[in-house]
Amino acid sequence: MDRIDKLLSSTGRWSRREVKDLVRQGRVLLDGRAVLRPEEKADPDQAVLTVDGAAVDCSPFVYVMLHKPAGLLSATGDKRQPTVVDLLPPELKKRGLFPVGRLDKDTTGLLLLTDNGPLAHDLLSPKKHVDKVYLAQVEGRVEVEDIRALAEGMVLGDGTVCLPAGLEPIGEGSSCLVTLREGKYHQVKRMLAARGKPVTALHRLSMGPLALDEGLKPGEWRFLTPQERANLLRLGDAT
């Protein structure tokens with residue numbers, strides 16, 4: 001149970017002082033009744049809080065699916081270049097959301113942003129075996145030998161050891177699906193380049209049970225659905 005002023009201010013949309021004014025004006029409802037005191041307590045997972053008739057999600061963590069466009073850094077901030085966080089509204093920026101894993105500046109597709117550190121750790125840990133699936137366009141054509149090399153695990157020229165990965169050619173083989181269980185620096189591009197198949201475009205389709213919403217255009221985002229959120233939380237000990 002948490003104080004209502006704390007719950008509402010934690011969303012980043014209002015300060016505690018502003019919440020007190022909202023309560024005084026009768027604009028905050030808890031399970032359909034007017035909140036009389038900002039220090040009243042509610043269960044953030046069960047209570048229905050509304051402000052001016054609009055429901056407010058007061059869950060302890062926020063989960064956002066973003067269709068990352070090319071040209072943005074997967075970072076929380078940069079003094080010289082725009083980042084994926086710049087696509088979010090001010091109230092979400094205040095929550096301190098961060099991208100789970102990094103997509104290269106020119107890579108597009110699914111990016112999860114959250115303020116749940118333990119979940120992010122679980123999703124990125126090779127020990128959790130969370131598959132990340134990418135659609136890659138390459139120069140040349142993917143061959144059986146390339147599939148075998150990735151499946152066996154590769155050691156790159158600088159000594160980087162890559163876990164076994166999936167490689168599935170599409171059509172004539174200039175497009176392929178790559179499945180990783182880790183996320184080393186530029187890994188997809190480096191592995192395929194080592195096989196003589198430089199990547200010309202890369203797009204992430206999914207991370208574990210979370211798949212990119214085809215209805216999201218590049219640069220658009222939405223909150224995860226309760227089912228998507230539950231599916232992710234089952235992957236680890238994060239709650």
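Derivation of every value follows stated rules applied to the coordinates shown; laboratory data play no part. Small disclaimer: the values here were computed from a predicted structure and weren't measured. Quick reminder, even Gly has a Cβ in these numbers, built from the backbone with ideal geometry, and neighbours come from all protein chains shown.
Checking the cross-link filter: which lysines have an alpha carbon closer than 30 Å to that of Lys105, excluding same-chain neighbours under 8 positions apart?
Candidates past the 8-residue exclusion: Lys68, Lys79, Lys93, Lys94, Lys127, Lys128, Lys132, Lys184, Lys189, Lys197, Lys217.
For labels at Asp57 and His121 in the simple 7 Å Cα→Cβ model, what's the distance in nm?
2.4
How much FRET efficiency would the formula 1/(1 + (r/R0)^6) give for Arg37 and Phe223, where r is the Cβ-Cβ distance and R0 is 30 Å, rounded to 0.05?
The computed FRET efficiency comes out at 0.55.
Sorted from largest down, what three extents in whole angstroms do the Cα atoms of the stretch 131-207 have along their principal axes?
If we take the Cα atoms of the stretch 131-207, the spans are 31, 26, 19 Å.
If I compute Rg and Dmax of the Cα atoms in Å from the structure I just sent, which labelled value in (i) 16.9, 48; (ii) 21.5, 70; (iii) 17.4, 57 lines up?
(ii)
Summing +1 for each Lys or Arg and -1 for each Asp or Glu, what net charge is found among the other residues whose Cβ lies under 10 Å from the Cβ of Met207?
Local net charge: +1.
Relative to the present Cα-Cα distance, how much length would full extension add between Leu156 and Glu214 at 0.36 nm per residue of separation?
Result for the pair: 17.5 nm of gain on full extension.
Which residues does the label zone of Asp2 cover in the stretch 187-225, counting backbone N under 20 Å from a point 7 Å along Cα→Cβ?
Within reach of a label on Asp2, which here means backbone N under 20 Å from a point 7 Å along Cα→Cβ, the stretch 187-225 contributes 223-225.
I need the calculated FRET efficiency for the pair Glu91 and Leu135, taking r as the beta carbon distance and R₀ as 35 Å, to the nearest 0.05.
0.60
What's the ranking of 101-109, 212-220 by average number of surrounding C-beta atoms within 10 Å, highest first?
Ranked by mean Cβ neighbours within 10 Å, highest first: 101-109, 212-220.
Count neighbours as other Cβ atoms within 10 Å of each site's Cβ, and list the trypsin sites (Lys or Arg not before Pro) in the stretch 1-94 that are DSSP loop with at most 13 such neighbours.
Sites meeting the loop and neighbour criteria: Lys79, Arg80.
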